[in-house]
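Asks: Please see the structure below; I have some questions.
The values are calculated or read from the model by the stated rules, or taken from the named source; none is laboratory data. Worth saying up front: this structure is predicted, and the values here are computed from it rather than measured. Quick reminder, even Gly has a Cβ in these numbers, built from the backbone with ideal geometry, and neighbours come from all protein chains shown. We work out accessible area using only protein heavy atoms, side chains counted, and drop any ligands, DNA or RNA first. Shrake-Rupley method; radii C 1.70, N 1.55, O 1.52, S 1.80 Å.
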Amino acid sequence: MAGEVIRARGAQLAWSAVRRAEVLRARLPGRAGATRRPRLCAPVFRIVTPDRAGAPLALTVDDGPDPRWTPMLLDVLAAHRVPATFFVVGARVTRHPELVRRVADAGHAIGNHTMTHPQPFAALPRSEIRREISGTQEAVRAAAGRAPTLFRAPAGGWSWTVLTTAREHGLTPVDWSIDPKDWREPGVRHVTRVLTSARPGDVMLCHDGGGDRSATVAAVDAALGALLRRGYRFTAL
């Protein structure tokens, strides 16, 4: 198992490096101002449209639902009229199905973020990866009436096995291009600064579970206001 963990950590670091390179590449000027398409087909980590100026932003929220922070974040999104995509943890969905229904009823998308958020995810046997994914599919279906169509691996723990298993469940793997690492609780100013660095097409990451998310809620409120004033649009994935 130790060897699998080392290989999984190495694959995760490699994917992170590729993602950063692709994000930089996508931001280079293309022909006629078009957004450059990423060389990799999966996971999705940017929204690609023919016209860079027309690409919306996507705010994604991981690790909930949480009875304290999810409602607060939903109120912020409602105030700004911004749709988001919530990647939920199945075990928390089972404990708080009413929150998942509230997310769905508010018009936000719901994605699969595994049943128990194990790390490193890519080190798990395929059978456990399947259980983590399928269990969350069923939990969300029971709570919201329909299963997710999107999947995000915990901490970006991608591998060929993870990607193919997600696709076996009819799920599109989704990554991100803007990460303020709010789970480290770096403070409102830092999270706001990173989120407001987003450009058209970026997939933004934040969290509503796993710790004190008061700074995240405040930073999302400030960042959405700033980005909307710049004329940016938002979309759920």
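Asks: With every protein chain present, what is the per residue accessible area of the stretch 190-236 (1.4 Å probe, Å²)?
Replies: Computed with neighbouring chains in place, this is 36 Å² per residue.
Asks: I would also like to ask the following. Show the residues, 5+ positions off or on another chain, whose built amide H is closer than 5 Å to the amide H of Leu150.
Replies: For Leu150, the qualifying residues are Asn112, Thr172.
Asks: At 0.36 nm per residue, and after removing the present C-alpha to C-alpha distance, how many nm does the segment from Asp212 to Arg189 gain when stretched out fully?
Replies: 6.7 nm
Asks: First check a/c for the stretch 169-233, with a ≥ b ≥ c the square roots of the eigenvalues of its C-alpha gyration tensor; if it is under 1.5, answer rounded, and if not, answer prolate when a/b is larger than b/c or oblate otherwise.
Replies: Oblate shape, in that a/c is at least 1.5 and b/c is the bigger or equal ratio.
Asks: Need the full-extension length gain, Asp75 to Ala91, defined as separation in residues times 0.36 nm minus the C-alpha distance. One decimal, nm.
Replies: Between Asp75 and Ala91, full extension yields 3.4 nm more.
Asks: By how many nm would the segment from Ala106 to Arg230 grow when fully extended, if each residue of separation counts as 0.36 nm and the alpha-carbon distance is taken off?
Replies: Between Ala106 and Arg230, full extension yields 42.2 nm more.
Asks: Quick one: putting +1 on the C-beta of Lys and Arg, -1 on the C-beta of Asp and Glu, what dipole do you get for the stretch 69-194 around its Cα centre, in Debye to the nearest 20?
Replies: I would put it at about 40 debye.
Asks: At a Förster radius of 22 Å, what calculated FRET efficiency corresponds to the Cβ-Cβ distance of Glu168 and Arg146, to the nearest 0.05?
Replies: 0.75
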